[in-house]
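Heads up, the thing below is written out as structure tokens.
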Amino acid sequence: MWSVDKHFGDFVCKFEKYPTVDELLVYSYNRVTLSKQAKKTLPVEAALMAAEGIQRYACVTATIKPSTFKDRYKATVDVQERQRMEALSPKPRKSLWVVLTSRQ
């Protein structure tokens, strides 16, 4: 399964800039087709999914620098590490989306 959010975050980490829809599609296509995954194509609605994914991150891209996004993304990408961080936090558990959009 193709994850727009994962490829968005990986793109920002690699290039330290936010992708356009076309950049995200090319990056994702290259990652999927060059990987060892059995599926070698993107979904039929990949362009729509990429556009919606970028739209979901609009408030993040408007307020947070790519370098800050990269640091936060890397800190929370590992599920076990994220759960450990959430368990140590005195606040209620938050999703990655809330973590990325709430800090400045």
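The values are calculated or read from the model by the stated rules, or taken from the named source; none is laboratory data. Predicted, not measured: the structure shown is a model, and the values here were computed from it. FYI the Cβ positions are ideal-geometry reconstructions off the backbone, even for glycines, and counts take in every protein chain you see. Heads up: the accessible areas ignore ligands, DNA and RNA and are worked out on the full protein's heavy atoms, side chains in. Shrake-Rupley method; radii C 1.70, N 1.55, O 1.52, S 1.80 Å.
Across segment 28-66, the qualifying residues are those that are of a type in the set (A, V, I, L, M) and part of a loop (DSSP other than H, G, I, E, B), and the one among them that is nearest to residue 77 (Cα to Cα) is 64. Entry remark, segment 1-27: residues being of a type outside the set (Phe, Trp, Tyr), assigned to a helix (DSSP H, G or I) and touching an Asp or Glu at 6+ places or on another chain (Cβ under 9 Å) number 1 in total. Here residue 61 clears all of (1) open to solvent by 70 Å² or more (accessible area, probe 1.4 Å); (2) in contact (Cβ under 8 Å) with a residue 40 or more places away in the chain; (3) of a type in the set (Ser, Thr, Tyr) except the condition numbered (1).
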